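A single structure is presented below for examination.
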Amino acid sequence: MRSFRAKPVKALDAAANMHRQTIIFALRREVAGLGIKYPVVTDQDYSTWKAYRVEAWPTLFLLDKQGRVRWTHVGEGHYDETEEVIKKLLTEEVLCPKLTDGAFTIRPKLDHSFL
């Protein structure tokens, strides 16, 4: 993500399966220690995982400028491929859908507290 620091790239990390009171402090410490500047949320009830049908960790989703999931990768690795997909998505134009073309994206409602 550091190579995209000056680009309009947004990142979000949803961490699931944690005991809120005991793990939040450790998670905050790790996020600060790693220098992570993007939002990290907890997903106590797995609503994000369920909304995106996540079955394994880590799962990476890349969304386009309209919020549509355009690429998914499960597991570690494939960093070069991920970077190439991000570069491609950054070059795409933002298309404004018309009310009649049915091209609206329905995004899952996420209701999580940020750290």
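The values are calculated or read from the model by the stated rules, or taken from the named source; none is laboratory data. Treat the numbers as computed from the prediction; the structure is a model and nothing was measured. Every residue, glycine among them, receives a Cβ derived from its backbone with ideal geometry; neighbour counts consider all protein chains shown.
Return yes or no: is Val74 at pLDDT 90 or above and surrounded by 11 or more Cβ atoms within 10 Å (Cβ to Cβ)?
Yes; evaluated as a whole, the condition is true for this residue.
Tell me, yes or no, whether segment 41-64 has at least one residue that is farther than 20 Å from Tyr79 by Cα, among the aliphatic types (A, V, I, L, M) and within 11 Å of the chain's Cα centre (by Cα).
yes
Follow-up question, since we're still on this one. Quick check on this structure: which one of Ile36, Ile24 is under 28 Å from Leu89 (Cα atoms), surrounded by 10 or more Cβ atoms within 10 Å (Cβ to Cβ) and modelled with pLDDT of 70 or more?
Ile36
Of everything in segment 55-84, what is closer than 19 Å to Lys7 by Cα, in contact with a strand residue (DSSP E or B) (Cβ under 7 Å, 6 or more places away or on another chain) and in a loop (DSSP other than H, G, I, E, B)? Give them in sequence order.
Across segment 55-84, the qualifying residue is only Asp64.
What is the one condition in (1) modelled with pLDDT of 85 or more; (2) loosely packed, with under 13 Cβ neighbours inside 10 Å that Val94 does not satisfy?
Condition not satisfied by Val94: (1).
Just give me the residues in segment 39-68 being hydrophobic (A, V, I, L, M, F, W, C) and under 24 Å from Thr91 (Cα atoms), in sequence order.
Hits for segment 39-68 are Leu60, Phe61, Leu62, Leu63.
In segment 44-54, is there at least one residue being aliphatic (A, V, I, L, M), assigned to a helix (DSSP H, G or I), modelled with pLDDT of 85 or more and over 18 Å from Glu84 (Cβ atoms)? Give the steps one after another, and end with the answer.
Step one: list which residues in segment 44-54 are aliphatic (A, V, I, L, M), which gives 51, 54.
With assigned to a helix (DSSP H, G or I) added as a condition, the list becomes 51.
Next cut, modelled with pLDDT of 85 or more only: 51.
Now restrict to residues that are over 18 Å from Glu84 (Cβ atoms): 51.
Within segment 44-54, one or more residues are aliphatic (A, V, I, L, M), assigned to a helix (DSSP H, G or I), modelled with pLDDT of 85 or more and over 18 Å from Glu84 (Cβ atoms).
Shifting gears a bit: Filter segment 27-57 down to the residues that are at positive phi and not basic (Lys, Arg) and list them by number.
Gly35, Tyr46
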